[in-house]
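Below is one structure, written out as structure tokens; comments come after it.
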Amino acid sequence: MKINRPFNTFSKTEYLEIVPEHKKYTDFNTLGLYRSILENENLSFEEKFEVFELANKHFQKTFDFLVLKDPSTWFQLTHLGKELSRGQEWDLWNEVKQRQEQILKDKRFGHRNFGSYSKHDCGVPHCPYDGLMVHPKSPLAESHIHFDSDKNPYSGKQKAQKRKADRKKHKQIIDRDEELG
């Protein structure tokens, strides 16, 4: 069976009918469900919160992974209806970063190419690259996950070059001393 319409056109009763029976639908999309809670104009704030709680009741693990897959949706849903100052928002985004780092550490993923981080999204209307899957180090990549604990890939090379220069300088001093002395 298929739903055949976007979630953001649903009423609260339709959400209440479909979410518990999600296994019956072949085109059920949990990410689409969570995004639709934010986008749905048919729902009041209280109804959005009820649908969010219902979704979490059935898809808590999916929602927990959403912090890595689509952090902006996760952030908006967890702070639904709250007015935040710039400082509070900054602190909460740092918390998101810590959660992402913990998930990556716990699951031992060898890469960070997930969800919104794996696609080009520059925000320019009619960009031919929008939605294109890109490598995280590609110039087309607009955002990527970076943690303070990440190793700088260039530091080893810079250190080696500095040591080489020091050895060369030291050898020149020794050669000069031998000439003088």
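Measuring nothing but alpha carbons in region 1-63 and taking Rh as the Kirkwood radius, the Rg to Rh ratio lands at 0.91. Site pair Glu178 and Lys157 shows an inter-label distance of 3.3 nm when each label is modelled 7 Å from Cα along Cα→Cβ.
Exposure check, 1.4 Å probe, all protein chains in place: Glu50 carries approximately 80 Å² of accessible surface.
Karplus-based coupling profile of region 44-53, in residue order and whole Hz: 7, 4, 4, 5, 4, 5, 5, 5, 4, 5, with θ = phi - 60° in 6.51 cos²θ - 1.76 cosθ + 1.60 and x standing for Gly or Pro. For the set Lys24/Lys57; Lys23/Lys97; Lys57/Lys82, the pairs lying more than 29 angstrom apart at their alpha carbons are Lys23/Lys97.
Treating r as the C-beta distance of Asn42 and Phe109 and R0 as 41 Å, the FRET efficiency rounds to 0.65. A cut-off under 13 angstrom between Cβ atoms defines the neighbours of Glu47, and their net charge, with Lys, Arg +1 and Asp, Glu -1, is -3. Note on Lys169: lysines with a C-alpha under 19 Å away, same-chain residues under 8 apart excluded, are Lys157, Lys159. Full extension of the chain between Asn29 and Lys164 gives 43.0 nm of extra length, using 0.36 nm per residue less the Cα-Cα distance. Other residues with beta-carbon under 12 Å from the beta-carbon of His58 carry, at +1 per Lys or Arg and -1 per Asp or Glu, a net charge of +1. Under the simplified labelling scheme, the Lys61-Lys97 pair shows an inter-label distance of 3.0 nm, with each label point 7 Å from Cα along Cα→Cβ.
When the alpha carbon gyration tensor of region 37-115 is reduced to an equivalent ellipsoid, the three semi-axes, largest first, read 24, 17, 10 Å. Taking trypsin sites (Lys or Arg not before Pro) across region 1-110, the ones in a DSSP loop with at most 10 further Cβ atoms lying within 10 angstrom of their Cβ are Lys2, Lys82, Arg108. Distance between the pseudo-spin-label points of His22 and Ser85 (7 Å out from Cα toward the beta carbon): 3.7 nm.
The values are calculated or read from the model by the stated rules, or taken from the named source; none is laboratory data. Because the structure is predicted, anything quoted here is derived from the model rather than measured. So basically every Cβ, Gly included, is an ideal-geometry build from the backbone, and we count neighbours across all protein chains shown. These area figures cover heavy atoms from the full protein model, side chains too; ligands, DNA and RNA do not enter into them. Shrake-Rupley method; radii C 1.70, N 1.55, O 1.52, S 1.80 Å.
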